[in-house]
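**Q** Here's a structure for you.
The values are calculated or read from the model by the stated rules, or taken from the named source; none is laboratory data. Keep in mind the model is a prediction, meaning the values are calculated, not measured. Cβ: placed from backbone, ideal geometry, glycine included. Neighbour counts: every protein chain shown.
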């Protein structure tokens, strides 16, 4: 986005197709979960385009050659609990050896501000490219706090991925973490008075796990 140089909004026909089904209130839990994973796969390809590669020698059936790979221990995924869990398998389908950490946040229903209640990260997290994932980027509070928590632990290379975002969340991350690339599949209209994205898709966690 020209207004926010660190924000990348996807404009891909397959993503638009899948998001249209994702939004539908009649889409069931199983299909919703599969769509979240499928959209994440597409987003991961693009968001990993600048990860570090190292040369490796490979023997083909005909000769030896030098190719390039992402180092095994160089990538980690940190879902923001609980909805972020729905995106982990999508990243793993692209890079199956990525380690997984977890950051738990809940939103104060009065202030709408996030509160951290859990944080468990892989060893050596500060040396990895870390993908923070959460399907919904609403106020941006949880995402911003999760990124701050990682920075306090020495992580320098962080990427944020969300499927649906509100302008308010994008603006907050751009102001508070301009060094972090933010990848969004769809930028929605606004937040309502309760902090939900419009048109949105409801509560992603509830729809992923069948809770209310």
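**Q** Report, ordered by the first and then the second residue, all pairs with beta carbons closer than 8 Å, sequence separation of six or more or different chains, a first member in region 36-48 that is touching a residue at least 60 places away in the same chain (Cβ under 8 Å) and on the phi > 0 side of the Ramachandran plot, and a second member that is surrounded by 17 or more Cβ atoms within 10 Å (Cβ to Cβ) and outside any helix (DSSP H, G or I).
**A** Between residues of region 36-48 that are touching a residue at least 60 places away in the same chain (Cβ under 8 Å) and on the phi > 0 side of the Ramachandran plot and residues that are surrounded by 17 or more Cβ atoms within 10 Å (Cβ to Cβ) and outside any helix (DSSP H, G or I), there is no close pair.
**Q** Okay, moving on. Just give me the residues in region 91-117 being at pLDDT 90 or above and either closer than 14 Å to residue 143 by Cα or part of a strand (DSSP E or B) (or both), in sequence order.
**A** Listed by number, the residues that qualify are 99, 100, 102, 103.
**Q** Tell me, yes or no, whether region 75-85 has at least one residue that is under 27 Å from residue 15 (Cα atoms), at pLDDT 90 or above and surrounded by fewer than 18 Cβ atoms within 10 Å (Cβ to Cβ).
**A** no
**Q** Identify, please: which residue in region 77-90 is in a strand (DSSP E or B) and touching a helix residue (DSSP H, G or I) at 6+ places or on another chain (Cβ under 6 Å) and is, among those, farthest from residue 42 (Cα to Cα)?
**A** Across region 77-90, the extreme among qualifying residues is 80.
**Q** For residues in region 140-157 being crowded, with 19+ Cβ neighbours inside 10 Å and more than 22 Å from residue 73 (Cα to Cα), which is farthest from the chain's Cα centre (by Cα)?
**A** 141
**Q** Same structure again: Got at least one residue in region 46-61 being part of a helix (DSSP H, G or I), under 29 Å from residue 170 (Cβ atoms) and under 18 Å from the mean Cα position of the chain (by Cα)?
**A** The answer is yes, given that some residue of region 46-61 is part of a helix (DSSP H, G or I), under 29 Å from residue 170 (Cβ atoms) and under 18 Å from the mean Cα position of the chain (by Cα).
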